[in-house]
Amino acid sequence: MGNYYQPEIECAPREQILALQNERLVKQVRNVYDHVEYYRKRMDEKGVKPEDIRSVEDLHKLPFLTKDDLREAYPYGLLARPLSDCVRIQSTSGTTGRRVVAFYTQHDIDLWDECCARAIMAAGGTKDDVVHVCYGYGLFTGGPGLNGGSHKVGSLTLPMSSGNTERQIQFMTDLGSTILCCTPSYAAYLAESIIERGLRDKIKLKAGIFGAEAWTEEMRHDIEEKLGIKAYDIYGLTEISGPGVSFECEEQTGMHINEDHFIAEVINPETGEVLPEGEKGELVFTSITKEAFPLLRYRTRDICILSRKKCSCGRTHVKMTKPLGRSDDMLIVKGVNVFPSQIETVLLNKGYAANYQIIVTRVKNSDQLEVQVEMTPEMFSDSMGEITGREKELVDALKAMLGIYAKVKLVAPKSIQRSEGKAVRVIDKRDLYGK
Amino acid sequence: MTIKQISVFVENKLGNLAEVTDVLASAGINMYAISLADTRDFGILRLIVDDSFAAAQVLKENNYIVSITPVLALELPNEPGSLHKALSVLEENNIDLKYLYDFNTVTTRNAHLVFRVEDTKKAEEVFGKAGFRMLSQEDLKG
Ligand SMILES: [Zn+2]
């Protein structure tokens with residue numbers, strides 16, 4: 001018997017979830033059409049009436065919503081409830097242009113917390129656990145989400161927030177944290193710091209719930225081994241609620257999407273055509289229980305694959321792969337698609353640390369790709385021939401993976417900025433848009 | 001007889017070498033030999049110091065990547081052909097030389113060279129047989 005927060009929903013037969021989705025979708029479409037002018041206009045433009053949507057099968061008739069729509073409607077344009085019903089806002093770490101602001105009623109917060117509680121219990125969490133949350137608190141959804149989930153489970157919650165590694169480790173050892181919640185890059189950094197201080201035996205961690213940025217299987221093994229834990233992936237986005245839109249179970253073969261709250265579709269990012277299960281494409285979400293900020297057919301830009309293969313954990317909700325790339329984070333260098341995750345895989349395979357930075361420049365109208373990698377004690381040698389030999393192997397492996405040449409630059413340890421929030425992996429110095 | 005060489009990874013950036021020497025100076029470490037092998041982006045700084053353990057410790061504490069390698073410190077008479085003689089010994093015994101560098105001591109008028117070879121044990125043996133004097137870690141302290 002697995003460890004579930006809401007087994008009656010999480011393990012419900014597919015037909016039951018589908019019936020729930022049909023009913024909630026129809027209601028949600030009617031709701032936004034009646035209460036949100038922005039949706040009404042978009043639906044009218046497309047010639048879709050609320051009564052055209054009678055089940056999930058009709059979902060494809062609705063227009064897509066993109067980040068641009070969210071920016072255009074900023075701040076109140078997509079609000080489906082009076083502002084006086086809202087109790088919270090969260091915001092994305094806006095990289096360019098306007099931030100995206102999401103609103104929550106108390107009911108929205110409760111459901112979000114429940115989604116996170118499911119994730120914590122799927123990672124083996126119980127009321128006897130000490131949940132150490134070092135995602136950032138504040139506008140970022142990471143901290144508040146896992147914090148709320150931990151409360152629902154009844155675990156002792158350490159609202160550490162990000163930063164101050166010394167204090168993190170001190171609390172971890174003194175208070176016996178058992179479940180760590182943070183970004184995978186910070187988990188890797190913490191693991192290194194704990195080992196450096198010789199405190200590996202003093203920590204009681206059994207599991208980690210890591211999300212909010214891309215990470216690879218190699219990085220998972222690295223963290224699991226260094227901390228002696230099981231590392232679980234969690235996925236979410238502020239626009240839809242926050243972390244806990246989907247989460248991993250003990251099978252660690254994809255993340256169960258909370259289908260009673262979110263309908264997932266995978267589309268061809270170029271044509272918008274809905275793809276069958278098992279095909280790779282852009283993930284699209286429709287939030288069917290959100291009150292304040294319901295998004296219909298929101299394009300996440302995350303590329304992934306959905307699977308309905310039966311899961312050994314007993315959960316019946318569809319599983320998504322971790323994002324295999326982002327349609328907008330994808331770099332096009334010399335006309336070739338480059339995903340940072342590909343570079344990370346090569347680095348780890350070749351024995352380098354997962355801490356790296358990709359720098360793209362344009363010299364005389366030609367793209368140049370440089371990968372800065374931190375030197376590690378294992379890769380260092382007193383012999384120049386050995387170091388340059390390994391460097392060449394890395395260049396060759398990158399070329400084999402990416403199909404283009406990338407210059408490798410070995411840099412001093414800890415010289416690449418370690419983010420305690422989201423890692424800055426790519427610096428694109430090309431002036432592509434004539435800014 | 002071997003001595004310990006410390007190698008340090010340094011990025012080729014202005015002031016980086018000075019930072020290493022500052023760390024060592026602050027820890028009161030005396031340097032006998034220093035050699036830098038570098039590419040455009042990074043270098044390997046090789047040092048012979050009086051207290052290699054303390055030097056490695058303090059460098060690691062300052063986030064440097066350090067490795068310690070046994071090397072041979074040969075004392076050669078300050079006369080023409082003496083380096084050639086030493087190199088011939090290695091060649092005759094098929095021992096690969098990785099690099100060598102100059103090593104100054106104030107105690108004698110002889111020249112000193114650090115040899116980093118593929119097979120340190122064998123080189124030590126053949127140099128010994130050929131009558132070369134090799135310095136020990138104790139000799140460094142003078
Ligand atoms: Zn499962």
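The values are calculated or read from the model by the stated rules, or taken from the named source; none is laboratory data. Being a predicted model, the structure only gives us computed values, none of them experimental. Positions of Cβ are backbone-derived with ideal geometry, glycine not excepted, and every protein chain shown enters the neighbour counts. Remember, those area values only see protein heavy atoms, side chains included, never the ligands or the DNA or RNA. Shrake-Rupley method; radii C 1.70, N 1.55, O 1.52, S 1.80 Å.
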For the pair A and B, the solvent-accessible area buried on both sides (1.4 Å probe; DNA, RNA and ligands excluded), in Å² to the nearest hundred, is 1600 Å²
Between residue B:84 and residue A:407, Cβ-based FRET efficiency (R0 35 Å, step 0.05) works out to 0.30
Once all protein chains are kept in place, residue A:109 shows an accessible area at probe 1.4 Å, nearest 10 Å², of 10 Å²
Rounded to a whole %, the carbon-and-sulfur portion of the accessible area of chain A at a 1.4 Å probe is 50 percent
Taking A:87, A:153 and ranking on accessible area (1.4 Å, protein atoms only), highest first, one gets A:87, A:153
If R0 = 45 Å, then residue A:268 and residue A:393, at their Cβ-Cβ distance, give a FRET efficiency to the nearest 0.05 of 0.75
Counting other chain Cβ atoms within 10 Å of each Cβ in B:36-44 and taking the mean gives 4
dims of the protein assembly as shown, Cα set, principal axes, largest to smallest, nearest Å -> 102, 57, 41
Counting only protein heavy atoms and leaving out ligands, DNA and RNA, the solvent-accessible surface of residue A:52 at a 1.4 Å probe, in Å² to the nearest 10, equals 50 Å²
Sorted by chain and number, the residues with a modelled amide H under 5 Å from that of residue A:324, at a separation of 5 or more or across chains, are A:303, A:304
Counting only protein heavy atoms and leaving out ligands, DNA and RNA, the solvent-accessible surface of residue A:66 at a 1.4 Å probe, in Å² to the nearest 10, equals 30 Å²
Each label sits 7 Å from Cα toward the beta-carbon; between residue A:217 and residue A:41 the label points are separated, in nm, by 4.7 nm
Checking region A:313-419 for GluC sites (Glu not before Pro) in a loop per DSSP with at most 16 other beta-carbon atoms within 10 Å yields A:378
Quick calc, residue A:426 & residue A:279: beta-carbon distance into FRET formula, R0 30 Å, rounding 0.05, result 0.65
Once the in-chain neighbours fewer than 8 apart are removed, the aspartates and glutamates whose Cα is under 15 Å from residue A:152 read A:108, A:110, A:113, A:114, A:128, A:129
Phi-derived 3J(HN,Hα) across region A:282-288 with the Karplus relation (6.51, -1.76, 1.60, θ = phi - 60°), rounded Hz, x for Gly and Pro, is 7, 7, 10, 10, 10, 8, 9
Shape call for region A:21-119, from the Cα gyration tensor axes a ≥ b ≥ c (a/c under 1.5 means rounded, otherwise prolate when a/b beats b/c, else oblate), comes out oblate
Of every hundred units of 1.4 Å-probe accessible area on region B:71-140, the number belonging to carbon and sulfur atoms, as a percent, is 47 percent
Region A:330-395 and region A:196-217 have their Cα centres apart by a whole-number Å value of 25 Å
Averaged per residue, the 1.4 Å probe accessible area of the protein assembly as shown, protein heavy atoms only, in Å², is roughly 45 Å²
Those cysteines in chain A that have no second cysteine Cβ within a distance under 4.7 Å are A:11, A:86, A:115, A:116, A:181, A:304, A:311
Of all DSSP beta bridges with both partners in the protein assembly as shown, the antiparallel percent, nearest 5, is 75 percent
Taking Cα atoms, the helix A:165-175 axis meets the longest principal axis of chain A at an angle in degrees (rounded to 10) of 70 degrees
Asserting the computed 222 nm helical MRE of chain A (DSSP H runs at least 4 long, -39500 (n - 2.57) per run, divided by residue count, to nearest 500) equals -9500 deg cm²/dmol
At q = 0.15, 0.25, 0.27, 0.28 1/Å the base-10 log of I(q)/I(0) from the Debye formula over the alpha-carbon atoms of region B:71-140 is -0.43, -1.24, -1.43, -1.52
For residue B:126 and residue A:49, extending 7 Å from Cα along the Cα-Cβ vector and measuring point to point gives, in nm, a value of 9.6 nm
Measuring from the longest principal axis of the C-alpha atoms of chain A, the long axis of helix A:340-349 (C-alpha) lies at a number of degrees, nearest 10, equal to 40 degrees
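Determine the shielding of peptide B:64-74 by partner chains: average, over its residues, the number of Cβ atoms on other chains within 10 angstrom of each Cβ.
Working: counts 4, 9, 3, 5, 1, 3, 0, 1, 0, 0, 0.
The shielding value for this peptide is 2.
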Percent antiparallel among DSSP beta bridges confined to region A:331-433, rounded to 5, stands at 60 percent
Ranking A:347, A:275 from most to least accessible area with a 1.4 Å probe gives A:275, A:347
Percent antiparallel among DSSP beta bridges confined to region A:172-301, nearest 5, equals 60 percent
Each residue of A:375-387 has, on average, a number of other protein chain C-beta atoms within 10 Å of its C-beta equal to 6
The helix A:384-402 Cα axis meets the longest alpha-carbon principal axis of chain A at an angle in degrees, between 0 and 90 and rounded to 10, of 30 degrees
Pairs over 23 Å Cα to Cα, from A:206/A:280; B:4/B:121; A:46/A:280; B:85/B:129; A:27/A:319; A:49/A:309, come to A:206/A:280; A:46/A:280; A:27/A:319; A:49/A:309
So the number of lysine pairs in region A:331-433 with alpha-carbon atoms under 16 angstrom apart, 8 or more residues apart or on different chains, is 14
